[in-house]
Every structure is written in structure tokens, then in C-alpha cells.
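Report on one structure; see the data block that follows.
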Amino acid sequence: MKPKVLLDKVGFWCATAVTSAALMLSIAPMTASAVNIPTEVTELGKDTYKKYCSPCHGEEGKGDGPLARSMLPKPRDFTRGAYKFRTTPSGSLPTDEDIYRTISYGVPNSTMIPWDILTEEQRVSVIPVLKSFSEAFEVRKPDAPVTVGLPLRPTERALTEGKKIYEEKLECWKCHGVEGRGDGPSAAEQEDDFGFPIKPFDFTTGKFKGGNSAQDVYLRFTTGLNGTPMPSFAKELTDEERWCLTYYVMSLIKPEETKK
Amino acid sequence: MKLIYILSILFAFLCCNLISSKDILADNKYSEIEVPDGGTIIGNVKYMGELAAVGLNLYRGWELSDTSKLNSEKLVFSKVNNGLKNAVVSLKDITQGKKTIIPPVHPIIDQQNNNFIPHTIAIVSGTTVDFLNGDEQMHNIHTRSARNQPFNLGTTYKQRISKTFDYPEIIKLTCDLHKNAYAWIVVLDHPYFDTTDRNGYFEICDIPPGTYTFQVWHEELGNLEKEVTVRPKETTTIEFVYSQN
């Protein structure tokens, strides 16, 4: 399709989205095999956790470290095995690579920073420690990651289709608002599985917690965010419809507000 | 001879270890046997708490009074006999008995008029439940189960989602878009249970003769227990009474 079919307003965002998605797809298997994630808890892992993570996540991973008190969103309570950012289906445990990804990239809009000040060896060493906090990892295994089809082109038609899904078919606006500002009619009453209030994501900010690529956005509504009201829409959409919705959601980003 | 003796003890010990560790993983203490002379327990679960008196409004005849509407899903009881609906009666710690039949036709929980119907179901582990959406709008089904894999799935009109529950657990279903809507799935690891009907009645049959602890679970009123002796090929009537609120 020719560039002129792209909407001016969103063309740039979608173009970056597609390139980064393409990049992600091509590098994902590489990073997965390149990092060697230990399966057993090591001394290095325990030390790293104690020093860098426990002030927020707590000695026993309950999300109740000394710094956690006045924090919102709360540091993750690892004891239930409920991880938000995954490539696996709703309710499933995350893969080790999913956890590694969050530790390395952090969670924007929260106090969870990208832990790139640590060495790769330190970052992978804490993964078995986090898992050891939850019985869930003993009784269940993570499901296989969902398949992400090849990205569609972000055409005008795709956006119209995406808008229809957002506004009519799946009614995302009820939580996220018609303009995506996280102010839908059901937004105010949302709380997470731990009983803390939680806001539906404001898409206009553009700083997605789970990553800014089209594939990241695609994965978020396909797998849902465990432990939060954000559901998984696993069966409702075809792969093509998913990309349409992805592009529409990304078109709600307001570049002026991202710069702030 | 002595050696064989010691070896057999060791072997028995090893077996015990194996079995017990398997138990923890499989959670399956129940074994199936023939029950040729099983007995039946029928009974009634009653609610006699404070609200029961309020519920009986003589001026309004048999109409539902406002109070019972207010507490509608939480506490549903019959005004005729105070029978409590949506309580789950089961045998506690039963280790062997009749064959477990996993229903080939999946039990259904439907979302209608922003509510889950039925409100409480009891199933045996391994059962698949179908979730439907009968409303022309979006809902989600959100569980926080620990043993069974939890899920939070969006559903659209006429959508059918099937989920299998493999481990005994009491699971609450909620919808984040309609905060008042919720339902319960009680998963048990044996087939001896029943959910009370709108008059509080239940029936459990083919129980191997013996003395058992019967248990009732209700979302608001909690648990009650009672020891009951089941006699071969006989029907015994029992009653449970919740007298608190």
C-alpha cells in the first residue's frame, strides 16, 4: 500500500510501531537464547534481591518493603504469581523471559525503574528468587506464549476497523474512555486483586507500562494484565482484528502529551 | 530371612514416601469402589437468623419483601420454610465411594442482565464449565483462584468460553464492569455433594454405610458441620440450621 493512504496524524507513530515490531520479532528469539537464566536460587540472586529489590518488594516478596507504604501503584506482591506483563495467556504464570524483560525495561509511570544499573548476571539471578516466593510456580507451569501473527499495515481501513472494535464490539471505552484518557464510566471503581485502587491506562500519555511497540500493545489486550481488572480478549478477535485494534489504540497517543 | 524383613520394611517405607509425595502433587485422596448398599441422605438447610423474621412480612403475603430483595444474591431463603438457597452440602474427608462422573454436558454459568446465573454451582474436579454472555454488551469473568489457574477474560454477546477446574477450591467469579455481579464455583474432589434448591433441600445418594461429617458452605453464613450415620439402603433425613446473621 502507498504511503498516502496512511493517516497523517498517526502515520509516524504507526510507522515507528511497525518497524519496532518488526525489530522485536526479529530479535526476540535471539535475546531469549542469549541470556542464560538460572533455574536454582543462588547466593548472588539472594544478595541482589536483598540489596536492590527488597526495600520495595519486601524480604519475602509480599510487596511490603519499607519503601512500599505510600507508594501507588504498589510494588508487586510476588506470592500469588500474578504478573501483569506476559506473553502467556490470561491467568498463566509468566515465562522467565517475560520477567527478565520487565526487570530490564522497568515499568514506566511507577517507581519500578529499568534495572540496567545491574549486570546481566545479577538481573537473571533474581528470577529464581522471585519465583521461589510463590507456591504457584511449584504447582503450575506457564502456558505456551500466545502466537502473534505478522503485523498488518496500519492503513486507514485498519484504523476504522480498530475504532469499531474499541467503541462497539469490545467496548474498551467503558474503562479507558472514548478518547483513551482512562476516564470511562467504569474507571473510577476499579481495583486490583490485592484490593488497591487502579486506573485504566491513559493511552494519550504514550508511556505504555508493558512497552511501546505494536507487538507489546497487541500482547497486553490479548493476554490481559493478571491481577488487574484488565481482561484478556483471547477468543473474540482474529489476528487481523487484533492489529487493527492495536493501531487504533496507538493512534490515541497524543504526541504533545508524550513530550511532557 | 532377616535381610528380607529389613528390605521389605525399607520398601514399604519408600512406597509410603512415594505415595505421600504424589498425594501432595495430585491432591487426589479419593478412590472409587463399588457401592452396592449405599444409603441416601436428604435434608434441608435453614436460615433462622435475624433477617429471617424481617423477611416474613405478613402484610405482603408471599410477595418478596424489600429486605430480601436488597440482600438478594447474598442471602436467598424461602419465606415458606426458611430454606436457604445456594448452600453447598458435601461429605467432608470421604476417601472412597461411588464412581466420579464428570458431566459430559458442561454446566453453564450465564451472564444475564448484568448478573451471573446460576449464582452458585458445585462441581467435581475435572469438570468443564461453559461461560456464556447473554447480554448485548461486554462483560468480563475474573477469578482469583490459587490452585486452579486464575483468569480474567472479556466476553461479548453470545460468546461461549469453556474452562476446566482441576483442583478442589472455592472460587469467586466477578465482573469488573458490573461490581454487583458475582458467582461461586465450589470444586470438590469427590462426587458426594449437592447445592440446595430455593427451598433449601438437597439430596446425596449412594454413600457407603458409615459415619461421616457433613459440611455446609454458604458464602455469607460460613460453614456448619454435623456427624451423620449412613445406613445401608436407607434414607436418612437431616437438617442444618444457621442461626446467626
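Checked against (1) crowded, with 18+ Cβ neighbours inside 10 Å; (2) in a loop (DSSP other than H, G, I, E, B); (3) of a type in the set (D, E, K, R), B:Asp194 meets all criteria but (2).
Got at least one residue in the range B:121-129 being more than 23 Å from B:Glu73 (Cβ to Cβ), open to solvent by less than 20 Å² (accessible area, probe 1.4 Å) and part of a strand (DSSP E or B)? Within the range B:121-129, one or more residues are more than 23 Å from B:Glu73 (Cβ to Cβ), open to solvent by less than 20 Å² (accessible area, probe 1.4 Å) and part of a strand (DSSP E or B). For the range A:116-128, a residue qualifies if it is within 21 Å of the chain's Cα centre (by Cα) and either among the polar types (S, T, N, Q) or buried (at least 18 other Cβ atoms within 10 Å of the Cβ) (or both), and the qualifying residues are A:Arg123, A:Val124, A:Val126, A:Ile127, A:Pro128. The single condition among (1) over 20 Å from A:Phe85 (Cα atoms); (2) within 14 Å of chain B (Cβ to nearest Cβ) that A:Glu256 does not satisfy is (2).
Of everything listed in (1) within 21 Å of the chain's Cα centre (by Cα); (2) open to solvent by less than 80 Å² (accessible area, probe 1.4 Å), the single unmet condition for A:Ser132 is (1). Considering only the range A:187-235, how many residues are within 13 Å of chain B (Cβ to nearest Cβ), of a type in the set (S, T, N, Q), within 14 Å of the chain's Cα centre (by Cα) and part of a loop (DSSP other than H, G, I, E, B)? Going through the range A:187-235 one residue at a time, the tally reaches 2. Would you point out the residue of the range B:179-192, among those that are under 26 Å from A:Glu171 (Cα atoms) and more than 9 Å from every other protein chain (Cβ to nearest Cβ), that is farthest from the chain's Cα centre (by Cα)? Within the range B:179-192, the match that is farthest from the chain's Cα centre (by Cα) is B:Asn180. Just the residues that are open to solvent by less than 10 Å² (accessible area, probe 1.4 Å) and closer than 21 Å to A:Gln190 by Cβ, please, taken from the range B:172-191. Once the filter is applied, which keeps residues that are open to solvent by less than 10 Å² (accessible area, probe 1.4 Å) and closer than 21 Å to A:Gln190 by Cβ, the range B:172-191 yields B:Leu173, B:Cys175, B:Asp176, B:Ala181, B:Ala183.
Restricting the first member to the range B:101-115 and to residues that are open to solvent by 70 Å² or more (accessible area, probe 1.4 Å), and the second to residues that are hydroxyl-bearing (Ser, Thr, Tyr), the beta-carbon pairs closer than 6 Å and six or more apart or on different chains are B:Ile102/B:Thr127. When A:Arg181, A:Arg153, A:Arg157 are checked against the criterion of being crowded, with 17+ Cβ neighbours inside 10 Å and either away from every other protein chain (no Cβ under 14 Å) or over 20 Å from A:Lys84 (Cα atoms) (or both), a single residue qualifies: A:Arg181.
Put simply, of A:Gly106, A:Gly65, A:Gly81 the only residue that is within 17 Å of A:Gly227 (Cα to Cα) and either out of contact with any helix residue (DSSP H, G or I) (no Cβ under 7 Å at 6 or more places or on another chain) or not acidic (Asp, Glu) (or both) is A:Gly81. Under the condition of being open to solvent by 30 Å² or more (accessible area, probe 1.4 Å) and either over 24 Å from A:Gln215 (Cβ atoms) or within 14 Å of chain B (Cβ to nearest Cβ) (or both), the residues counted in the range A:78-96 number 3. Residues in the range B:141-178 that are part of a loop (DSSP other than H, G, I, E, B) and either modelled with pLDDT under 90 or at the interface with another protein chain (Cβ under 7 Å from one of its Cβ atoms) (or both): B:Arg144, B:Ala146, B:Arg147, B:Gln149, B:Pro150, B:Phe151, B:Thr156, B:Tyr157, B:Lys158, B:Gln159, B:Asp176, B:Leu177.
The values are calculated or read from the model by the stated rules, or taken from the named source; none is laboratory data. As the structure is a computational prediction, the values presented were derived from the model and not from experiment. All Cβ positions, glycine included, derive from the backbone under ideal geometry; neighbour counts span all protein chains shown. These accessible areas exclude ligands, DNA and RNA; they are computed on the full protein's heavy atoms, side chains included. Shrake-Rupley method; radii C 1.70, N 1.55, O 1.52, S 1.80 Å.
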